[in-house]
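Enquirer: Have a look at the structure that comes next, please.
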Amino acid sequence: WFEPPRSRRVSYPPAQPLLPWANEALDVLSENVATVYRELENSFPGARIVVLGYPHLFPADEPTLWPDCVSVLRRVSHTERAVIRDLTDQLNATLYGRAVEAGIEFVSPEAAWEGHEPCGEAGQFTNSVKPMLDSAVVDNGTFHPNEDGQKQLAWLVACYLTTWPSGE
């Protein structure tokens with residue numbers, strides 16, 4: 001069983017505008033992910049390790065008119081949503097690149113999630129921004145896969161493993 005040392009902490013970049021912070025955070029993440037992948041390979045020699053990428057958190061088009069989309073998600077401008085989608089693509093490219101370097105398999109949920117982002121036109125696989133009530137997050141959290149999203153991720157991995165049973 002792999003258990004990361006509890007003494008490790010991620011040192012995030014200091015607070016600053018999103019793009020400079022995200023670029024610095026991706027650099028930190030890239031190094032940390034490379035270390036984790038090496039440790040997994042060392043801890044489980046010969047094991048088949050599959051890494052899942054991250055789905056987009058916002059639809060490419062304007063969100064639907066669901067009540068929470070109108071009241072909460074529409075507060076994030078189209079430009080901001082596009083930037084966050086681009087950052088998700090950069091994150092996945094980083095995870096993929098490090099996986100290839102480590103000989104680990106990578107599965108992207110992008111195609112399976114298209115239209116199923118929070119407020120997407122095909123129905124949500126991920127919760128959208130949830131309001132805070134009495135300091136508690138309502139409805140299983142913001143940007144967390146819902147039950148349909150969890151099933152979609154399981155289906156995606158099952159299909160991947162069935163299609164490439166040997167990992168080659």
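Enquirer: Report whether or not Val28 is at pLDDT 85 or above, in contact with a Pro (Cβ under 8 Å, 6 or more places away or on another chain) and farther than 24 Å from Gln152 by Cβ. Break it down stepwise before answering.
Expert: Numbers: at pLDDT 85 or above: yes; in contact with a Pro (Cβ under 8 Å, 6 or more places away or on another chain): yes; farther than 24 Å from Gln152 by Cβ: yes.
When the stated conditions are applied, Val28 passes them.
Enquirer: Looking at the stretch 30-52 only, could you name the residues that are under 11 Å from Thr94 (Cα atoms) and either touching a strand residue (DSSP E or B) at 6+ places or on another chain (Cβ under 8 Å) or open to solvent by less than 60 Å² (accessible area, probe 1.4 Å) (or both)?
Expert: Passing the criteria: Ser30, Val33, Ala34.
Enquirer: Among all residue pairs at least 6 apart or on different chains, which show Cβ distances below 6 Å where the first residue, located in the stretch 148-164, is farther than 13 Å from Phe106 by Cα and the second is part of a helix (DSSP H, G or I)?
Expert: Correct list of pairs: Gln152/Ala112.
Enquirer: Among the residues of the stretch 141-168 satisfying the criterion of being over 16 Å from Gly53 (Cβ atoms) and among the polar types (S, T, N, Q), which is least open to solvent (accessible area, probe 1.4 Å)?
Expert: This residue is Asn146.
Enquirer: Something else about it: Go through the stretch 62-145 and tell me which helices (runs of 4 or more DSSP H), entirely inside it, have 3 or more residues that are at pLDDT 90 or above and over 15 Å from the mean Cα position of the chain (by Cα).
Expert: Numbers: elements: 67-71, 78-102, 110-113.
Output list reads 78-102.
Enquirer: Could you grab the pairs with beta carbons closer than 7 Å, sequence gap of 6+ or different chains, first residue in the stretch 92-104 and open to solvent by 40 Å² or more (accessible area, probe 1.4 Å), second one among the β-branched types (Val, Ile, Thr)?
Expert: Going by the 7 Å Cβ cut-off, the qualifying pairs are Arg98/Val33.
The values are calculated or read from the model by the stated rules, or taken from the named source; none is laboratory data. Since the model is a prediction, treat every value here as computed from it, not as a measurement. Reconstructed Cβ throughout: ideal geometry from the backbone, glycine too, with neighbour counts over all protein chains shown. Please note that ligands, DNA and RNA were not included when accessible areas were found on the heavy atoms of the full protein model with its side chains. Shrake-Rupley method; radii C 1.70, N 1.55, O 1.52, S 1.80 Å.
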